[in-house]
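The values are calculated or read from the model by the stated rules, or taken from the named source; none is laboratory data. Values in this document were obtained by computation on a predicted structure and should not be read as measured data. Glycine also receives a Cβ, built like all others from the backbone with ideal geometry; neighbour counts cover every protein chain displayed. These area figures cover heavy atoms from the full protein model, side chains too; ligands, DNA and RNA do not enter into them. Shrake-Rupley method; radii C 1.70, N 1.55, O 1.52, S 1.80 Å.
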Amino acid sequence: MRLSSLVFLVATMAAALAGCTYKGVPDPQVSARDAEWMAQIPPAQEEPRNARYIVDDPTGEAPGTIVIDTKERLLYLVQDGKKAIRYGVAVGDEAYGWTGTSRIARKAEWPNWNPPAEMKARWPHVHAMSGGPANPLGARALYLFEGNRDTLYRIHGTNEPEKIGQAVSSGCIRMRNIDVIDLYNRVALNTTVIVR
């Protein structure tokens, strides 16, 4: 009886998974510097939910648009054919979360970090840093502007990959470094970013 229950459970799970519309996305090519610096960041247990997948587009937005679902802690890059690439992200905690529409006005590899005055006032220990594995912006940063005004928010990598899937940042959207490299390679300046 026990074996038949197990067989039934496995068959049910296989049928359910067959109906899933998730498809993995291969890792992007990385430079020697990327590989060296990412290897210096302690690895984190990866949750399958936060992996990079092609999914049916739940956003209804135009292809090329980035949509961030802050409640689900997911970022979608809308594709043609009603598909999207879905990435797990960390978002702003309740006190620092934000919503709105912006655009990517700048892209940078292993960017320098210059925390804004408000952040320095909250946390006096933070200070400007050159790009590298210890830098909180990680491997890439996409700078979000409203019109010509810098929002001071970024989509960026992280040196704390264990926090992906949580609400922990000061409003920026954090991604695993391999994911932010993938996104960086796929989007152009002036890409629309919608944060919900």
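Observations
- Failed condition for V89, given (1) without any contact (Cβ under 8 Å) to a residue 24 or more places away in the chain; (2) open to solvent by less than 10 Å² (accessible area, probe 1.4 Å): (1)
- So R140, is it crowded, with 17+ Cβ neighbours inside 10 Å, over 19 Å from T70 (Cβ atoms) and touching a strand residue (DSSP E or B) at 6+ places or on another chain (Cβ under 7 Å): yes
- Meets criteria (in contact (Cβ under 8 Å) with a residue 12 or more places away in the chain, part of a loop (DSSP other than H, G, I, E, B) and open to solvent by 20 Å² or more (accessible area, probe 1.4 Å)) for N185: no
- The stretch 161-174, residues that are over 18 Å from G64 (Cβ atoms) and open to solvent by less than 10 Å² (accessible area, probe 1.4 Å): S169, G171
- Looking only at the stretch 43-70, residues that are loosely packed, with under 10 Cβ neighbours inside 10 Å, modelled with pLDDT under 95 and part of a loop (DSSP other than H, G, I, E, B) come to 2 in all.
- Residue within the stretch 72-81 that is over 15 Å from V187 (Cα atoms), open to solvent by less than 70 Å² (accessible area, probe 1.4 Å) and part of a loop (DSSP other than H, G, I, E, B) present: yes
- Criterion violated by A128 - all others in (1) over 25 Å from P26 (Cα atoms); (2) open to solvent by 70 Å² or more (accessible area, probe 1.4 Å) satisfied: (2)
- In the stretch 165-180 there is no residue that is free of Cβ contacts under 8 Å to residues at least 40 places away in the same chain and not in a helix (DSSP H, G or I).
- Filtered by the rule that a residue be assigned to a strand (DSSP E or B) and of a type in the set (G, A, S), the stretch 87-122 gives G88, A90, G92, G100, S102, A105, A108.
- Among the residues listed as W98, W123, W110, the single one being over 19 Å from T70 (Cβ atoms), within 16 Å of the chain's Cα centre (by Cα) and among the aromatic types (F, W, Y): W110
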